[in-house]
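Asks: Here it is, the structure, as structure tokens.
Every number here is computed from the coordinates shown, using simple stated rules; none is lab data. From a predicted model like this one, the values you see are computed outputs, not experimental measurements. Cβ coordinates were reconstructed from backbone atoms using ideal geometry, including for glycine residues, and neighbour counts include every protein chain displayed.
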Amino acid sequence: MRRLQKLLSPLKRGLQQMLRVGALLKVNDAPPIQMVQIETLSGEVIEVPRIQDYGITSVPLPGAKGVVAAIGGKTNGYVCIKMDDKRYRQVSLKPGEVALYDSQGQLVHLKQGGLMELIANTQITAKVPVFRIEGQLNVTGDIIDHVDSDGLTMASMRSTYNGHNHNGDSGGTTSNPNQSMTP
């Protein structure tokens, strides 16, 4: 038994070196492949490329946890293959749901039942030639028209319409409209 352990010992050490877990120290997002500095559980500080999924990129905050893999079993060929941060991760999702989130509480959550929740802290900007909504639009705040410099709201346009009149055919003015634009 002892002889077998001695024979398998180098293999065991090699397997232990293939995957490491560590805490993120810093990120360099300038190169084409992001570079991260990670302190492994053994206290070793290494700088390695971080492989991300196509179409999604992020800059995790220091303290996030990462998994580092030795490509080909060589410790000089480490790459970071996963990064997570329990401080900000969305929890209690239902099976099949997906969430994209950040450290500020902003969220895109694809929920069961065909629902989508979108949370932004200040503003959502869409730069498109045409923004089309098929279905009902429910707005709880003012709709502000910034086409002209007045910044008119729907409420102010409604008030203007409801209180307007015209010059009458025989002089004087007409009364306000019979039908008002009610909210």
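Asks: Just to be sure I understand, if you calculate Cα Rg over 2.2 N^0.38 Å for this structure, which of (i) 0.99; (ii) 1.17; (iii) 1.87 do you get?
Replies: Given (i) 0.99; (ii) 1.17; (iii) 1.87, the structure-derived one carries the label (iii).
Asks: Relative contact order for the chain: what percent, with Cα pairs under 8 Å and sequence separation of 6 or more?
Replies: Working: 243 pairs, mean separation 20.0, N = 183.
Dividing the mean separation by the residue count of the chain yields 11 percent.
Asks: Round to the nearest 0.05 the FRET efficiency obtained for Tyr54 and Ser159 when R0 = 45 Å and r is the Cβ-Cβ distance.
Replies: Working: r = 51 Å, r/R0 = 1.13.
Computed FRET efficiency for Tyr54 and Ser159 comes out at 0.30.
Asks: A follow-up question, please. Name the residue, out of Tyr161, Tyr101, Tyr88, whose mean-square fluctuation peaks in a Gaussian network model built on the chain with Cα pairs under 10 Å.
Replies: Sorting by GNM fluctuation, first place goes to Tyr161.
Asks: Also, quick follow-up: How many lysine pairs in the range 2-84, separated by 8 or more positions in sequence or lying on different chains, have Cα atoms less than 21 Å apart? Walk me through the intermediate numbers first.
Replies: Numbers: Lys12/Lys74; Lys26/Lys65; Lys26/Lys82; Lys65/Lys82; Lys74/Lys82.
So the count of such lysine pairs works out to 5.
Asks: Quick one: longest stretch of the chain between exposed loop GluC sites (Glu not before Pro), exposed meaning at most 12 other C-beta atoms within 10 Å and loop per DSSP?
Replies: Values: sites that count: Glu44, Glu134.
Result, exposed sites excluded: 45-133.
Asks: So what's the angle, to the nearest 10 degrees on a 0 to 90 scale, between helix 2-18 and the longest Cα principal axis of the chain?
Replies: 30 degrees
Asks: Let me ask you something else. In units of 2.2 N^0.38 Å, what is the alpha-carbon radius of gyration of the range 2-84? Numbers along the way, then the final one.
Replies: Numbers: Rg = 14.6 Å, N = 83, 2.2 N^0.38 = 11.8 Å.
Rounded to two decimals, the normalised Rg is 1.24.
Asks: Under a point spin-label approximation (7 Å from Cα along Cα-to-Cβ), what is the Arg89-Val128 distance to one decimal in nm?
Replies: Going from the Arg89 label point to the Val128 one covers 3.2 nm.
Asks: Compute the longest continuous run of the chain that contains no exposed trypsin sites (Lys or Arg not before Pro); treat a site as exposed when its DSSP state is not H, G, I, E or B and it has at most 12 other Cβ atoms within 10 Å. Walk me through the numbers on the way to the answer.
Replies: Numbers: sites that count: Lys74, Lys86, Arg87, Arg89, Lys127, Arg132.
Formally, the longest exposed-site-free interval is 1-73.
Asks: Additional query: Considering only the other residues whose Cβ falls under 14 Å of the Cβ of Gly14, what net charge follows from Lys and Arg at +1 and Asp and Glu at -1?
Replies: Working: positive: Lys12, Arg13, Arg20, Lys74; negative: none.
Its environment carries a net charge of +4.
Asks: If you build a Gaussian network model of the chain, linking Cα atoms that sit under 10 Å apart, which residue out of Leu100, Leu110, Leu11 swings the most?
Replies: Of Leu100, Leu110, Leu11, the most mobile in the Gaussian network model is Leu11.
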